[in-house]
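Working notes, beginning with the structure itself.
The values are calculated or read from the model by the stated rules, or taken from the named source; none is laboratory data. Predicted model, so just to flag it, every value in this text is computed and none were measured. Counting neighbours? That spans all protein chains shown, and the Cβs are built from the backbone with ideal geometry, glycine included.
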Amino acid sequence: MPPWFSCFRSLLAQQASPSPLPNSEADLAGYNLYYDTNSSGDYQNVINVGNQPQYTFVGLETGVTYRIALTAYDVYHNESDFSEEIQILIPQPDFKMEIGEVSLNHEWVRVDFQQPFVDPVVVANPLSCIGGDPTTARIRNVDGNGFEIRVQEWDYLNELHNKVESVSYLVMERGSYILDDGTRLEANSFATDDTGTFGTVSFDQPFQQVPVITTSIITENGSSAVTGRLQAISTESFQYCMQE
């Protein structure tokens, strides 16, 4: 094995950051990193990292084992054989999820989590229908300990919703997860100002089947009542816009 192939086994124990040793050969031009999730066979992905002595993968799927190997190439475009293959399991973040229900009207109500979160994603389900006026659930001030929520009527109404409604909510730590039964979940947030046209939102990792998506608007940068509209849901993305 050439001296520049001392690559990465110890460095990949906890993270995908292969680091070949510096090479003394004057005609070395760079390195190619090959990786795949198949248990055997050809590598389906390759990254040319140039002559950088270290490279960190981003966007790898958690809970999945990756096969990784390295080659080197010279200034004449000759490529070496593969290095010894290493395999690494990308660990999943701790899965945190909480569900609850709260009673509310047009006044802001603070909801405290039962456990602290680092980067929570909050989604509220549709409101009950105790009062007859059209409404939406409005969320703001999400932090690691809770959030605020209220009933908001549409702007052509008087903004007062004195009937007490109930709404259920779901909180998850931001991230992608694979449950014990193989179900894949993703909790994330995105910024948008699209109100007239739909914008595309991509998942961190593609799903094997078209997923079920639920969304909530979790800021109050504008005071008008607003809700979200979705279309074109696929295994890789969906389209979203706000409707006032």
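Applying the set (1) modelled with pLDDT under 50; (2) within 21 Å of E79 (Cα to Cα); (3) crowded, with 17+ Cβ neighbours inside 10 Å to P2 leaves exactly one unmet item: (3).
Listed here are the residues, each with its yes/no results for (1) small (G, A, S); (2) crowded, with 16+ Cβ neighbours inside 10 Å; (3) at pLDDT 85 or above.
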{"residue": "P20", "(1), (2), (3)": "no, yes, no"}
{"residue": "T37", "(1), (2), (3)": "no, no, yes"}
{"residue": "Q44", "(1), (2), (3)": "no, no, yes"}
{"residue": "G59", "(1), (2), (3)": "yes, no, no"}
{"residue": "T65", "(1), (2), (3)": "no, no, yes"}
{"residue": "I68", "(1), (2), (3)": "no, yes, yes"}
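Only a single criterion out of (1) among the small types (G, A, S); (2) at pLDDT below 95; (3) closer than 30 Å to P206 by Cα is not satisfied by G144, namely (2).
Among the residues of the range 200-227, none is identified as over 23 Å from P120 (Cβ atoms), modelled with pLDDT under 95 and not in a loop (DSSP other than H, G, I, E, B).
Each row is one residue, and each column tells you yes or no for (1) surrounded by 13 or more Cβ atoms within 10 Å (Cβ to Cβ); (2) of a type in the set (D, E); (3) farther than 24 Å from E61 by Cα.
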{"position": "V167", "(1), (2), (3)": "yes, no, yes"}
{"position": "R174", "(1), (2), (3)": "yes, no, no"}
{"position": "L185", "(1), (2), (3)": "yes, no, no"}
{"position": "N188", "(1), (2), (3)": "yes, no, no"}
{"position": "T192", "(1), (2), (3)": "yes, no, yes"}
{"position": "S202", "(1), (2), (3)": "no, no, no"}
{"position": "Q205", "(1), (2), (3)": "yes, no, no"}
{"position": "V212", "(1), (2), (3)": "no, no, no"}
{"position": "N221", "(1), (2), (3)": "no, no, yes"}
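Exactly one residue out of I99, I86 is loosely packed, with under 13 Cβ neighbours inside 10 Å and among the aliphatic types (A, V, I, L, M): that is I99. For the range 150-165, a residue qualifies if it is of a type in the set (V, I, T) and either buried (at least 17 other Cβ atoms within 10 Å of the Cβ) or outside the structural domain of V102 (by TED's automatic domain parsing) (or both), and exactly one does: V151.
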